[in-house]
Amino acid sequence: MFTKVVKFGGTSMANAENIRKVADIVLSDPSRRIVVVSAPGKRYKADEKITDMLYQVFHDLHLSGAIGKVFYQIEARYKEIIAELGLNVDIEREFKKIKSALEHNKSKDYAASRGEYLAGVIMAAVLDFDFIDASELIKFREDGTFDAEYTNDVAKARLEKAKKGVVVPGFYGAMPDGGIRTFSRGGSDITGSILSRAANVMLYENWTDVDGFLTCDPKIVENPRLIDELTYRELRELSYMGAAVLHPDSIFPVRYNDIPINIKNTFNPSYKGTMIVARQSHKSARTVTGIAGKKGFSNIFVEKSMMNNELGFVRKILSVLENMNISVEHMPSGIDTLSVIVESTALQDRVSQVKEAISAAVNPDHIEITNDLALIATVGHGMAKRKGTASRLFAALSKADINIKMIDQGSSELNIIIGVETADFEKAINAIYKEFYVHN
Ligand code: ASP
């Protein structure tokens with residue numbers, strides 16, 4: 001039988017009512033056999049996520065030496081869920097264990113992971129599936145990095161043995177000594193992806209609280225369209241620029257077997273959602289798949305005649321930045337000019353230091369550092385196949401009276417990145433959106 005991994009995010013797990021919806025979704029399709037859950041998220045806008053509360057508990061414990069009231073608020077939330085669902089789960093025993101572990105110096109990651117752990121215990125009881133602790137399946141190395149191959153072997157062997165559906169908490173795994181380690185925030189998405197690879201499933205369904213990936217940030221463009229399909233690479237480009245529906249690292253495990261990820265909405269389950277695939281499937285796809293952007297960049301502009309003939313010129317500049325621990329985002333260049341785009345926060349108050357070090361290294365004719373740069377990525381495999389995309393993009397910006405300060409087209413023809421003044425950011429995104437989505 002085909003198997004799917006289904007992962008449910010924090011909103012889907014936030015209260016008993018939503019958990020019932022999750023159970024209906026899982027049980028309506030017998031191929032949904034591997035379930036990954038997040039910790040309960042917000043029930044309403046001003047509410048707190050359980051994970052944030054757990055970090056708070058840990059923080060309070062270290063400040064005051066005692067378990068504070070937030071711990072009991074968390075316990076009350078779980079108790080309410082269990083009571084409403086009428087489950088036979090000994091939650092008091094679980095909380096006693098967690099309290100004692102925290103008092104005996106368990107780590108911050110251990111504290112944070114308990115939200116997913118308890119959500120998993122509850123979900124397994126609701127579905128009558130087997131509970132498998134993520135620490136059995138997800139393995140980290142001594143140095144704290146994720147051990148992909150070892151995890152894959154262990155998880156594969158364990159999942160093959162499963163007689164019925166299983167529930168695995170997301171977000172964490174175990175260190176070689178058995179201690180708990182978490183991924184970065186939002187990491188339950190990665191757990192789902194890892195298990196998808198291990199069980200070699202046909203589909204990884206990632207259930208969240210929106211209908212899918214949007215072509216644009218809805219805070220900038222009113223009512224942007226949804227993306228039906230996007231590729232792993234398009235997703236990486238858009239996420240890097242700030243689009244957040246799925247943890248961007250979720251792509252790596254599924255890439256081994258080209259497993260598609262379907263973003264679905266727990267609160268609108270019949271909607272098809274967004275498919276994230278290895279390769280674009282239909283020829284008629286849009287030119288532009290999505291638009292994303294970020295503010296807060298600086299441009300280090302270096303000019304020197306005959307720069308192109310000077311061996312090691314770029315390397316010397318990059319070494320300066322590397323030595324100062326400044327990471328480079330983009331590097332568009334001309335014949336006698338080079339721009340190095342970096343995050344402004346990386347420069348902070350070191351602007352003149354950077355200028356001096358670069359001047360000493362390459363003796364430029366001119367060097368200038370400007371702030372207030374925003375980058376906008378227009379992303380889509382369709383751009384490689386169609387002529388005139390760049391000219392449409394630039395014409396749209398010029399019509400909107402926006403000055404383009406930098407242009408960088410990735411060599412994959414997947415992405416055109418432009419830099420504009422921060423003040424023009426929203427206007428520019430709207431202009432690009434209008435050109436590619438409203439006018440055709
Ligand atoms: N609960 C964790 C977080 O809030 C992990 C997750 O939901 O994926 O980041």
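Considering every residue within region 57-64, establish whether at least one is among the β-branched types (Val, Ile, Thr) and away from the ligand (no atom under 16 Å from the Cβ). No; the residues of region 57-64 include none that is among the β-branched types (Val, Ile, Thr) and away from the ligand (no atom under 16 Å from the Cβ). Among the residues of region 244-268, those identified as in contact (Cβ under 8 Å) with a residue 40 or more places away in the chain and not in a loop (DSSP other than H, G, I, E, B) are 249, 250, 251, 252, 253, 254, 261, 262, 263, 264, 265.
Can you go through 320, 288, 302 and tell me which one is aliphatic (A, V, I, L, M), crowded, with 19+ Cβ neighbours inside 10 Å and in a loop (DSSP other than H, G, I, E, B)?
288
The single condition from (1) of a type outside the set (Ser, Thr, Tyr); (2) within 16 Å of the ligand (Cβ to nearest atom); (3) not in a helix (DSSP H, G or I) that residue 120 fails is (3). Which of the residues that make up region 164-214 are outside any loop (DSSP other than H, G, I, E, B), away from the ligand (no atom under 16 Å from the Cβ) and within 21 Å of residue 117 (Cβ to Cβ)? Of everything in region 164-214, those that are outside any loop (DSSP other than H, G, I, E, B), away from the ligand (no atom under 16 Å from the Cβ) and within 21 Å of residue 117 (Cβ to Cβ) turn out to be 166, 174, 198. Pairs are defined by a Cβ separation below 7 Å, a sequence spacing of at least 6 or placement on different chains, a first member in region 2-19 that is part of a helix (DSSP H, G or I), and a second member that is within 14 Å of the ligand (Cβ to nearest atom) and among the basic types (Lys, Arg); the pairs so defined are 11/42. Looking across region 307-333, the residues that are more than 20 Å from residue 408 (Cα to Cα) and among the charged types (D, E, K, R) come down to 310, 316, 322. Mind checking which residues of region 366-379 are more than 19 Å from the chain's Cα centre (by Cα) and not polar (S, T, N, Q)? Within region 366-379, 366, 367, 368, 369, 372, 373, 374 meet the criteria. Among the residues of region 393-418, those identified as more than 22 Å from residue 233 (Cβ to Cβ) and of a type outside the set (A, V, I, L, M, F, W, C) are 398, 399, 401, 403, 405. Total residues in region 222-237 satisfying the condition of being touching a Ser or Thr at 6+ places or on another chain (Cβ under 8 Å) and outside any strand (DSSP E or B): the figure is 6. Output the residues belonging to region 384-436 that are at pLDDT 90 or above, hydroxyl-bearing (Ser, Thr, Tyr) and surrounded by 14 or more Cβ atoms within 10 Å (Cβ to Cβ). Once the filter is applied, which keeps residues that are at pLDDT 90 or above, hydroxyl-bearing (Ser, Thr, Tyr) and surrounded by 14 or more Cβ atoms within 10 Å (Cβ to Cβ), region 384-436 yields 422, 433.
Of all the criteria given as (1) surrounded by fewer than 20 Cβ atoms within 10 Å (Cβ to Cβ); (2) under 26 Å from the mean Cα position of the chain (by Cα); (3) closer than 29 Å to residue 66 by Cβ, the one not satisfied by residue 104 is (2).
The values are calculated or read from the model by the stated rules, or taken from the named source; none is laboratory data. Quick caveat, the model's predicted, so the values are computed rather than measured. Heads up, the Cβs are rebuilt from the backbone with ideal geometry, glycines too, and the neighbour counts pull from every protein chain shown.
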